[in-house]
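Below you'll find the structure, written out as structure tokens, and then a few comments.
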Amino acid sequence: MFTLRQTMRDIRRHPLRTVIVSILIAVLMVASAGIYAMSINVRHTISEIERTHAINVYLLQGLDQGSIDALLANLQKDEAITRAEYVSPVDGLKNLQARYPQFASVFQDLTKNPIPPLIRVYPASASGIAALATELRSTPGVQSVEYDEASVQGMLNANGFVNSLLVYVLLLAGLLFVAGFSLMAFSIINGKRKETAVLSIVGATNTQVLLATPAHLVVVWALASILSLLVLPGVIRYSTAKLQSSFAWVTPASSGIVYAGAASIVILASLACLFLACVIATILAYRIDEEQRREETLLE
Amino acid sequence: MIQMLSVSKKYEDGYYGLRDITFTVAPGKFVFLTGESGAGKSTVLRLIYRAEHPTNGTILVDGVDTAAAHGRSLTALRRKMGMVFQDYMLLFDRTVFENVALPLAVRGMSRDAIAQEVDKRLDQVGLSGYHRRMCCSLSGGEKQRVALARALITKPDIILADEPTGNLDISNGEKIIEVLHEANHQGATVFMATHDLYLVQSTRLPFVRLRGGRKVEEGNF
């Protein structure tokens, strides 16, 4: 009770300082959450780009429509494939004519359609495209399988780079968060050292001495958490503006799951930092090194 | 009663703050601990209120070995004492009332009872009406009187004062000594460290004199 009263009194006495520290901690929390949300957005965008790479599966000339439909149905069930579409020889020729109008006379002179039946397959990810192509080549009824290998390899290289970059950015954001939070916690702890010494002198119990600093930290952390939760939805919406996925099972908004994840991460991380700060405050209050105590608290 | 029995204090760097100090401060007495700066006066007081442990020897406060005091027993030991420091050890971001009330607040006394006691102590040290003043805005003499009021508010059995007049002018210094005498007449044991030999001589009270961490003299002028 004494500790709570003292903490509330301190906070009432220094409202500006408390609010500024809370805002700074909230900024750290929101910035970390924003970086997390952006990384989700980048990964999502990359996976969308990956899905635009197609494998052209050319079928044997004269393959009957029943076999083609069966093959198409099998491919559409495959989990490694996002989408598979059939392009008939007639449609293939039309596409060719539309793409190369300058060769219209050549197309008119054709006595027989040379275009083979085609199934265009869109793999779920670029990394599995080579294995999928190999599998498709051995499928009965398939004449040949083609895809842009150089482009896929380039995409894989770029993905690797972006993923490494994201890991670095997330690690950096985490470190900045921990460092920023710890610095502020230490500044509060440091500001409370004289109070800790005075409390010991006037006969406070160990519990009262030990709780003086963590109680203050908890209040600042709670204020920062409330502030960050108020601002977080806007930041997440901004960070995930291009995220088209639906997370209707969590919230109608597409950013719902990201918001929930980000909020959980920042709150858990700040709790971890708070715990760390409290442990340090406890060690400081109970430090065995008497010379340090003498120098730092009683002979200021 | 405070008893120091063959007490030595050696620091990590090998420096001896105190060497083989033995003396007794009888209950209800006003005793000065005197000596030049660096003689070990503050170390003696820190050992008594258990901010430090002695390297050798035993310190007994009312028969309790301070080295054995931990947790609740240490709190109980410190609650017997009121302490006054040369640098006041006040919380400057709090009011006079809050500083003086602190020892009672940690003991869980009611607000009304605390308010009454604070009134009495501030009156005793000549600071009536200073309740709402911030400690940072007080003069040196006023700060020391606030510190003294804080030390006296629990009516401690023992008052330890470490150079309480060291930073003050003569008038403020006399006021502090007067209040300490008053507390002593009401039954408190007062053990005051000072380098002011003139003060010790003029009061004709018992003293213990240290030099270079050793006791060189004990008695009355």
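The values are calculated or read from the model by the stated rules, or taken from the named source; none is laboratory data. Everything numeric here is computed off the predicted structure, so don't read it as measured data. Glycine also receives a Cβ, built like all others from the backbone with ideal geometry; neighbour counts cover every protein chain displayed.
Among A:ILE25, A:ILE20, A:ILE68, which is in a helix (DSSP H, G or I), surrounded by 13 or more Cβ atoms within 10 Å (Cβ to Cβ), away from every other protein chain (no Cβ under 14 Å) and out of contact with any Leu (no Cβ under 7 Å at 6 or more places or on another chain)? Answer to the check: A:ILE25. If the condition is being of a type in the set (Gly, Ala, Ser) and either under 34 Å from the mean Cα position of the chain (by Cα) or surrounded by 14 or more Cβ atoms within 10 Å (Cβ to Cβ) (or both), then region A:130-151 contributes A:ALA130, A:ALA131, A:ALA133, A:GLY141, A:ALA150, A:SER151.
Residue pairs whose Cβ atoms lie under 9 Å apart, separated by 6 or more positions or on different chains, with the first residue in region A:213-227 and more than 16 Å from A:ALA269 (Cβ to Cβ) and the second outside any helix (DSSP H, G or I) and modelled with pLDDT under 80, are A:THR213/A:LYS192; A:HIS216/A:LYS192.
Considering only residues of region B:77-100 that are part of a helix (DSSP H, G or I) and touching a strand residue (DSSP E or B) at 6+ places or on another chain (Cβ under 9 Å), which is modelled with the highest pLDDT? My answer is B:VAL96. Could you tell me whether B:LYS155 is of a type in the set (Lys, Arg), within 29 Å of B:THR75 (Cβ to Cβ) and in a loop (DSSP other than H, G, I, E, B)? Criteria met by B:LYS155. Name the single residue, out of those in region B:49-66 being within 12 Å of another protein chain (Cβ to nearest Cβ) and touching a strand residue (DSSP E or B) at 6+ places or on another chain (Cβ under 9 Å), that is surrounded by the fewest Cβ atoms within 10 Å (Cβ to Cβ). The extreme case among them is B:HIS53. Filter region A:152-161 for residues that are exposed (fewer than 12 other Cβ atoms within 10 Å of the Cβ) and not small (Gly, Ala, Ser); which is farthest from the other protein chains (Cβ to nearest Cβ)? Across region A:152-161, the extreme among qualifying residues is A:ASN157. Against the test of being assigned to a helix (DSSP H, G or I), more than 21 Å from A:HIS14 (Cα to Cα), of a type in the set (S, T, N, Q) and within 14 Å of chain B (Cβ to nearest Cβ), the options A:SER200, A:SER164 yield a single qualifying residue, A:SER200. Could you grab me the full set of residues in region B:130-166 that are surrounded by fewer than 19 Cβ atoms within 10 Å (Cβ to Cβ), under 30 Å from B:GLN3 (Cβ atoms) and of a type outside the set (Gly, Ala, Ser)? Selection gives B:LYS155, B:ASP157.
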